[in-house]
Amino acid sequence: MSSNFIVNRVCEYCGREFEARTTVTRFCSRSCNKRANTAARRGQKIQAVKREVSNAKGKSMDDLKNKPFLNVSEVAVLLGCCRQAVNDMINSGRLSATNLGIRKTRVRREDLDALFADPEVIISPWQLQQERDIVKPMKRSECYTVTEILLKYNVSPQVLTRMLQEHDIRKEQDGQNVLIPKGAIDTLFDGFQTKESEQKENEVLLPLDPKECYTIAEAGRVLDLAPSGVYYGILNRGIRKERIGQSVYVPKKEVDQWASEQLSKHSNVDTLSIQELATLLGRSQTNVREILKKHNIKKYIAKGGKTFVLKQEVDFLISIYKNY
């Protein structure tokens, strides 16, 4: 409804002077009106959050101290830290907790008190950094680079990585090179055939006949090992290998002996072939192989190529999968 007079007012949102047609007009335009309403709603939400925070801070500490079971937020209030810090302590195993369901993690009061029973368990980041600084940097003259190890001991990068991980050998980055202590490597490869000694032997030995050899892939199928495992065993046992064309060959005789030694370990143990296990479970051999893979049960290959498993390792499958 229009009026017959005009009055000058100041917009409550942008502060500009404008001509209003009523005495109660608060904003100069629809845009300022919408923006003011949005700001008001935002302010209400902020005030609600502040009230929640003040209520949480206002909780009686005595009530929390007397509770036998605490949630993550309550533990954070008692410790004076954030929820993420409490979750980190739970995930690292420093603080025992029980998960009763989604967002229902509970901590016993005595487990929380146990954090302070042995303060040496809690190591600050500053202490960790100090311990790292104590470790002396490696000297280039006392270390091999990865390339030097590969050339000296004639190993593949995959085998070297696996051995370093298994024996937890220290490494250090030096520019573009990775330094590894010579003493640790020489001890690890003690008795292994170096490239220099292999070259000397190859000058005397006749070249391998591919007809009397396995490739690495074939040896892996005979031994039921991955290629990296075959290389590791070859180095450890001192088995001769030779590259012919695009493939690496190893003597059949030595690989078969290696396989027979593996089988002899289980000669006095009850075994089941895949077919026998499939008949026992009432399933197809393909399905049985999938079950073995699912439960990470190792399969062994006999000299004639027959695959079998150890009965003691598959007994529990009968109660799970038989007539399922």
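Values computed for the structure shown
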{"read-out": "Any hit, the range 37-58, residues being surrounded by 13 or more Cβ atoms within 10 Å (Cβ to Cβ) and at pLDDT below 85", "value": "no"}
{"read-out": "Any pair with Cβ under 7 angstrom, 6 or more apart, that starts in the range 239-258 at a residue that is without any contact (Cβ under 8 Å) to a residue 40 or more places away in the chain and ends at one that is part of a helix (DSSP H, G or I) and open to solvent by 50 Å² or more (accessible area, probe 1.4 Å)", "value": "I239/E254; I244/P210; W258/R237"}
{"read-out": "Scan of the range 106-164 for residues that are among the small types (G, A, S), at pLDDT below 75 and open to solvent by 80 Å² or more (accessible area, probe 1.4 Å), ordered by number", "value": "A117"}
{"read-out": "Enumeration of residues in the range 241-251 that are over 9 Å from L208 (Cα atoms) and either surrounded by 14 or more Cβ atoms within 10 Å (Cβ to Cβ) or in contact with a strand residue (DSSP E or B) (Cβ under 7 Å, 6 or more places away or on another chain) (or both)", "value": "S247, V248"}
{"read-out": "Total residues in the range 79-89, condition assigned to a helix (DSSP H, G or I), of a type outside the set (D, E, K, R) and surrounded by fewer than 17 Cβ atoms within 10 Å (Cβ to Cβ)", "value": "4"}
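The values are calculated or read from the model by the stated rules, or taken from the named source; none is laboratory data. Since this is a predicted model, take the numbers as computed values, not measurements. Methodologically, a virtual Cβ is constructed for each residue, glycine included, from the backbone with ideal geometry; neighbour enumeration extends over all protein chains shown. Accessible surface is based on the protein model in full, side chains and every heavy atom, while ligands, DNA and RNA are left aside. Shrake-Rupley method; radii C 1.70, N 1.55, O 1.52, S 1.80 Å.
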